[in-house]
Every structure is written in structure tokens, then in C-alpha cells.
Amino acid sequence: MTPRQLRRRPSGLLLAAACALAAGGCTPVGMVVGAGAMVGTAAAEERGLDGAARDVEIKVTLLKRFDEKGVLFRGIAATIMEGRVLLTGQTSETAVLDEAVRIAWSIDGVKEVINEVVLTPEPATGTAARDALIEADLRTALTFDGEVLAINYALDVEDGVVYLLGIAQSEAEQRRVIAHARGTDYVRRVVDHSILKTDRRRAHRRTPPPGVGPAATPDTAPATAEEARP
């Protein structure tokens with residue numbers, strides 16, 4: 001099936017991506033249950049079923065290209081929400097980061113690439129378990145907060161730093177999400193890249209910054225957000 005055909009079948013795309021990215025295999029029953037859950041969840045999101053499907057397609061394409069280049073295994077991860085790609089992680093190689101940004105911008109449907117990858121001579125190791133705990137605790141807190149539509153937020157945690165990507169219903173909700181993140185155990189810092197549902201970036205494609213033609217550098221990549229707004 002071609003990418004164009006996949007775009008015409010969002011529910012099939014979600015199922016295929018779920019099976020491809022899941023840790024385990026897809027049994028017939030699991031595929032049906034998993035597909036129903038994913039489609040139902042996506043339909044309830046602010047970005048809708050089609051938007052969720054496009055993000056899955058972007059993610060699958062990005063991971064495939066990272067894998068082909070070897071970038072994925074050098075500490076760079078990607079989170080996607082409504083065509084906005086958030087790159088996180090750590091690397092000691094500027095060339096690897098440049099290539100990751102270039103690849104992200106090259107994918108059809110990408111509206112924005114947010115570069116939060118840390119360039120460091122010695123990338124941190126041994127933080128995965130604690131980062132996973134932070135993410136799980138924060139996700140639980142958001143889910144059980146009746147004033148937050150947790151389904152509209154994607155989270156990533158790298159070395160104790162929480163990165164938020166999502167679509168907020170209001171500034172009040174945005175502040176609550178940030179407060180939950182700051183109040184989670186072991187969190188060192190919070191970086192907020194969520195936007196309001198009325199934000200014009202949801203409708204308009206951004207032009208890649210100068211220098212992203214064959215490659216990009218941290219100096220020419222889109223500016224990162226300040227630490228979470230008060």
C-alpha cells in the first residue's frame with residue numbers, strides 16, 4: 001500500500017502503526033481491541049481522527065528514516081502532535097543533530113520542528129527508569145484531573161526534564177498541566193511547548209528556517225520555548 005493510500009485510510013494506518021510500534025506482536029483479538037481503542041481515543045482528541053492518523057504516519061516515517069541513518073540509536077527521540085515534531089534527547093555529535101532536524105523537516109505534513117536535543121560531550125545514561133516513572137506519574141495526574149483534557153497532551157521526559165507538547169483548551173488548563181509537571185517527583189525542569197486550541201500554528205505550515213536545506217544546526221533551528229510559563 002502506498003503512503004497516499006494509507007492517508008486515505010486513517011483507521012487502518014492507526015492499526016498498522018500500533019502493531020509496528022508495539023513491544024509485542026499483534027494477535028487477531030488484540031488487533032481488533034487495540035484498533036477500536038486507538039480509533040476511539042483519536043476521535044475524541046482535539047486534533048481528531050484524521051489528525052491523529054497523520055501524526056502516526058509522520059512518526060512511523062521519521063523513525064524509519066532515523067533507523068536507516070542510525071540516528072535513532074544515538075539518543076534522539078521524537079514526539080509528534082498535529083504536525084509539530086519535538087526532538088529530544090542527547091547527543092555528542094552536531095552532525096547527527098543536524099541530520100535529525102533535516103530529516104524531520106523533509107517529511108510531508110510536518111508544520112514545525114522543535115529542537116530540544118541537548119548537545120553534550122557525555123550524554124547521560126541510566127536515567128530511563130526514573131524518566132519512565134516521572135512520565136507515568138504525570139500522565140496519571142493529568143488523567144485524573146477533571147479540569148484537564150489529558151488526551152490532548154503528549155509527554156516526553158529526558159534526564160528528569162519534562163517536555164510538554166499539546167493543545168490546551170485554555171490558559172488556565174495550560175497552567176494546571178505545567179503545575180502538575182512541576183509537582184511530580186524527581187522533575188528537574190519543565191519545558192512547555194503546548195499551544196492554545198485557537199493558536200494560528202494549528203492551521204498554517206511553517207517555512208523551514210534558513211540552513212535547513214541539506215542540513216540544520218541548533219543556531220538556525222526554530223527557537224525553543226522558555227522554561228514553562230508561570
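Of all residues in region 180-210, count the ones that are surrounded by 15 or more Cβ atoms within 10 Å (Cβ to Cβ), in a helix (DSSP H, G or I) and either touching a helix residue (DSSP H, G or I) at 6+ places or on another chain (Cβ under 9 Å) or at pLDDT 95 or above (or both).
The number of residues fulfilling the criteria is 2.
Kindly check whether there is at least one residue in region 59-78 that is assigned to a loop (DSSP other than H, G, I, E, B), small (Gly, Ala, Ser) and open to solvent by less than 10 Å² (accessible area, probe 1.4 Å). Lay out the reasoning, then the answer.
In the first step, residues of region 59-78 are kept if they are assigned to a loop (DSSP other than H, G, I, E, B); the result is 70-71, 75.
Filter once more, so that each one left must be small (Gly, Ala, Ser): 70, 75.
Next, only the ones that are open to solvent by less than 10 Å² (accessible area, probe 1.4 Å) stay: none.
Checked region 59-78: no residue is assigned to a loop (DSSP other than H, G, I, E, B), small (Gly, Ala, Ser) and open to solvent by less than 10 Å² (accessible area, probe 1.4 Å).
Return the pair list, or none, for Cβ contacts closer than 6 Å from residues in region 99-124 that are more than 13 Å from Pro208 (Cβ to Cβ) and of a type in the set (A, V, I, L, M, F, W, C) to residues that are open to solvent by 20 Å² or more (accessible area, probe 1.4 Å) and part of a strand (DSSP E or B), at least 6 apart or on different chains.
Partner pairs satisfying both residue conditions: Val118/Gln90.
Within the set of pairs 6+ apart or on separate chains, which have a first residue in region 168-190 that is over 14 Å from Glu135 (Cα atoms), a second that is assigned to a strand (DSSP E or B), and C-beta atoms under 6 Å apart?
The qualifying pairs are Ala168/Leu196; Gln174/Ala168.
Quick check on Ala53: is it open to solvent by less than 60 Å² (accessible area, probe 1.4 Å), part of a helix (DSSP H, G or I) and either farther than 29 Å from Asp192 by Cβ or modelled with pLDDT of 80 or more (or both)?
Working: open to solvent by less than 60 Å² (accessible area, probe 1.4 Å): yes; part of a helix (DSSP H, G or I): yes; either farther than 29 Å from Asp192 by Cβ or modelled with pLDDT of 80 or more (or both): yes.
Yes, satisfied.
Taking the options Leu155, Leu164, name whichever one is open to solvent by 10 Å² or more (accessible area, probe 1.4 Å), under 27 Å from Ile58 (Cβ atoms) and in a strand (DSSP E or B). Before you say what the answer is, go through the steps one by one.
On the way: Leu164 fails: open to solvent by 10 Å² or more (accessible area, probe 1.4 Å).
Going through Leu155, Leu164 in turn, just one is open to solvent by 10 Å² or more (accessible area, probe 1.4 Å), under 27 Å from Ile58 (Cβ atoms) and in a strand (DSSP E or B): Leu155.
Being modelled with pLDDT under 95 and in contact with a Leu (Cβ under 9 Å, 6 or more places away or on another chain) narrows it down to one residue among Leu119, Leu138, Leu142, Leu164; which is it? Lay out the reasoning, then the answer.
On the way: Leu138 fails: modelled with pLDDT under 95; Leu142 fails: modelled with pLDDT under 95; Leu164 fails: modelled with pLDDT under 95.
Unique residue meeting the criteria: Leu119.
Within region 126-152, track down each residue that is more than 16 Å from the chain's Cα centre (by Cα) and assigned to a helix (DSSP H, G or I). Spell out how you get there, then give the answer.
As a first pass, look at region 126-152 and keep what is more than 16 Å from the chain's Cα centre (by Cα): 126-130, 133-134, 137, 140-149.
Result: Ala128, Ala129, Arg130, Leu133, Ile134, Asp137, Thr140, Ala141, Leu142, Thr143.
Spot the failing condition for Pro123; the list is (1) within 18 Å of the chain's Cα centre (by Cα); (2) surrounded by fewer than 22 Cβ atoms within 10 Å (Cβ to Cβ), and only one is missed.
Pro123 satisfies every listed condition except (1).
Can you find a residue that is touching a Ser or Thr at 6+ places or on another chain (Cβ under 7 Å), in contact (Cβ under 8 Å) with a residue 40 or more places away in the chain and under 29 Å from Leu196 (Cβ atoms) anywhere in region 56-64? Lay out the reasoning, then the answer.
Here is the first cut: in region 56-64, the residues touching a Ser or Thr at 6+ places or on another chain (Cβ under 7 Å) are none.
No, region 56-64 contains no residue that is touching a Ser or Thr at 6+ places or on another chain (Cβ under 7 Å), in contact (Cβ under 8 Å) with a residue 40 or more places away in the chain and under 29 Å from Leu196 (Cβ atoms).
The values are calculated or read from the model by the stated rules, or taken from the named source; none is laboratory data. Being a predicted model, the structure only gives us computed values, none of them experimental. Backbone-built Cβ (ideal geometry, glycine too); neighbour counts: all protein chains shown. Side chains are part of the model used for accessible areas, which takes the heavy atoms of the whole protein and leaves out ligands, DNA and RNA. Shrake-Rupley method; radii C 1.70, N 1.55, O 1.52, S 1.80 Å.
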